[in-house]
Amino acid sequence: MIQYYNPDERQSLIRFTNSLRGLLEKHYSAGQDIVLVCIGSDRATGDCLGPIVGHKLKSYERFLKKISFHLYGTLEKPIHAKNLEATIQFIQLYHPDSLIIAVDASLGVMEHVGYITLSEGSLTPGVGVDKNLPAIGDICITGDVLELRDVARFLPTVV
């Protein structure tokens, strides 16, 4: 089930944190690596959520490594359509049986633009733009961006 969080609501951060904690408790085993894969392109504004999240978390990398937390996908080294499959193979080789959390932008409906979603299971990057990419993740976090069919309706209000 996908859970939606509106960042403008006061309790969203608490609800998101509690839900993420619950998913981590359900899926994490002691001694297991946690791998965060931040997917997207730094060349497209609507697709840069993953690399920006990775970039922000990179400053905590020294601490994160102490707790077997591995980060892939930053502004400097993004994970995107051209290297996703190789990244998945690398993770399977060097972090077998790890808990994978995938972060990506997602095309959403107008009512959910700007919302954060949290769900159990994998996400399939590129589905909204008809790309055939492999699924990844045990837990996924997405940020909803504008749905393609709504672009024409949205643009007049921006300009």
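What is the range 22-66's relative contact order, in percent, from Cα pairs under 8 angstrom and six or more apart in sequence?
In percent, rounded to a whole number, it is 23.
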Gap separating the Cα centres of the range 55-132 and the range 2-24, nearest whole Å: 18 Å
Accessible area expressed per residue, the range 38-152, with surrounding protein chains retained (probe 1.4 Å, Å²): 57 Å²
Computed [θ] at 222 nm, deg cm²/dmol, the chain (DSSP H ≥ 4; -39,500 (n - 2.57); rounded to nearest 500): -9500 deg cm²/dmol
Percentage relative contact order, the range 1-79, counting C-alpha pairs under 8 Å, at least six apart: 29 percent
Solvent-accessible surface (1.4 angstrom probe) belonging to LYS56, in square angstrom, nearest 10: 140 Å²
Exposed-loop-free span, longest in the chain, where GluC sites (Glu not before Pro) count as exposed if DSSP calls them loop and at most 15 other C-beta atoms lie within 10 Å: 77-159
Gyration tensor (Cα) of the chain, equivalent ellipsoid semi-axes in angstrom: 26, 19, 14
Percent of C-alpha pairs per 5 Å bin, the range 1-85, short to long: 3, 13, 16, 18, 23, 19, 7, 1
Among LEU64, SER29, ASN6 - extreme Cα towards positive end, dipole of the chain, charges at beta-carbon: LEU64
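Take every Cα pair under 8 Å in the chain that's 6+ residues apart, average their separations, divide by the length, and report that relative contact order as a whole percent.
Here the relative contact order equals 26 percent.
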Accessible carbon and sulfur surface of the chain relative to its total accessible area, %, 1.4 Å: 56 percent
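The values are calculated or read from the model by the stated rules, or taken from the named source; none is laboratory data. Here the structure is a predicted model, which is why all the values come from computation and not from measurement. Cβ: placed from backbone, ideal geometry, glycine included. Neighbour counts: every protein chain shown. With ligands, DNA and RNA removed, areas are computed over all heavy atoms of the protein, side chains included. Shrake-Rupley method; radii C 1.70, N 1.55, O 1.52, S 1.80 Å.
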